[in-house]
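Quick note: the coordinates plus some simple rules give every number you see, no bench work behind them. Remember, predicted model here, so these are calculated numbers, not experimental data. In this analysis, Cβ positions are derived from the backbone assuming ideal geometry, glycine residues included, and neighbour counts consider all displayed protein chains.
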Amino acid sequence: MPTPCPSRLKELIALANLEPDSEALTHLRAIAQAFRAKRQKKTKASASVQIELKQTIKVLLADGTVETSRDELELVLAQIEPPSKIDLIRECPKCREIFWAVRADKEACDRHTAAWSKQEWRRKTKEKEAKRAKERERRAKSPSRTDKPLSLTSKIILEAIANQNHLFSSIDYYCFWELNRSRRYGGNTYRTATVTRCLELLVDSEYIHRAEREDGDFWYTLRNKAKKLFH
């Protein structure tokens, strides 16, 4: 459920973003960066961030009474309930503005959420590709490597690509009709998750090649290993 930003904190964030050199922005950024490091497991959960605030003390000459004024940042942080929600004070990785995340999985401000999500998806995809490439290289060097028989879904995927269905959406649609159009396949039923998993296995097993397009989609083509199955 979205967590609304405390009104006083919302005002402070807005003012801080208007003044790039302000002390408030520096302090909020320090908090945001510390929690980001924690989320990314770059620092210990027991670590802390220390912020030095200015404090004004007024002594009344009449009776010696001492009055202490609290810093605005201290007051706004005290409004956050529960205190663990302070983690929602975040710094946008695109524009570096401070914002209130509303949800735990939001890492960029409203203006840059879509761009950041797409960038993260591509980054994670490239990491997975690198990991798979390393695994393929390891298997290729193994003298005991044996190829497992292709599953029915994998065979239909290869058939789909051979019939000029190169995008996931069209491959998935092809599998849907081929697996569900009749009972001839017995207990085999269509599942998008199964199609996705078989595509990954076919890439890893070097039956198909996957290339990323400019729009972020992938284009699948048959490799020589798969082409031999259709001759």
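With distances taken between every two different alpha-carbon atoms, region 149-230 has a Kirkwood hydrodynamic radius of 12.8 Å.
Using DSSP to define loop residues, name the trypsin sites (Lys or Arg not before Pro) in region 16-53 whose beta-carbon has at most 13 other beta-carbon atoms within 10 Å.
When the trypsin sites (Lys or Arg not before Pro) of region 16-53 are filtered for loop state and at most 13 Cβ neighbours within 10 Å, K41, K42, K44 remain.
In this structure the amide hydrogen of I208, modeled in the peptide plane, comes within under 5 Å of the amide hydrogens of V203, R223, none closer than 5 places in sequence on its chain. So how tilted is helix 168-180 from the main axis of the chain? Cα-based, degrees 0 to 90, rounded to 10. The answer is roughly 50 degrees. A DSSP coil position with no more than 11 other Cβ atoms inside 10 Å describes the following GluC sites (Glu not before Pro) in region 24-88: E52. Using equal-weight Cα scatterers in the Debye expression, the normalised intensity of the chain in log10 at q = 0.11, 0.13, 0.14 Å⁻¹ is -0.78, -0.90, -0.95. Based on Cα contacts under 8 Å between residues 6+ apart, the chain shows a relative contact order of 13 percent. Taking every DSSP helix (H) stretch of at least 4 residues in the chain, weighting each as -39,500 (n - 2.57) and dividing the sum by the residue count yields a mean residue ellipticity at 222 nm of -14500 deg cm²/dmol. Summing +1 for each Lys or Arg and -1 for each Asp or Glu among the other residues whose beta-carbon sits under 14 angstrom from that of A104 gives +4. Cross-link reach is defined here as a Cα-Cα straight distance under 24 Å, omitting same-chain residues fewer than 8 places apart; for K155 the lysines meeting it are K128, K225, K227, K228. Within the same chain, aspartates and glutamates fewer than 8 places from K38 are excluded, and of the rest, those with a Cα less than 12 Å from its Cα are D87.
With all pairs of separate Cα atoms included, region 56-116 yields a Kirkwood hydrodynamic radius of 14.4 Å. Think of each Lys and Arg Cβ as +1 and each Asp and Glu Cβ as -1; about the Cα centre, that makes the dipole of the chain roughly 1960 debye.
For region 1-85, a simple Cβ point-charge model (Lys and Arg +1, Asp and Glu -1, everything else neutral) yields a dipole of about 800 debye relative to the Cα centre.
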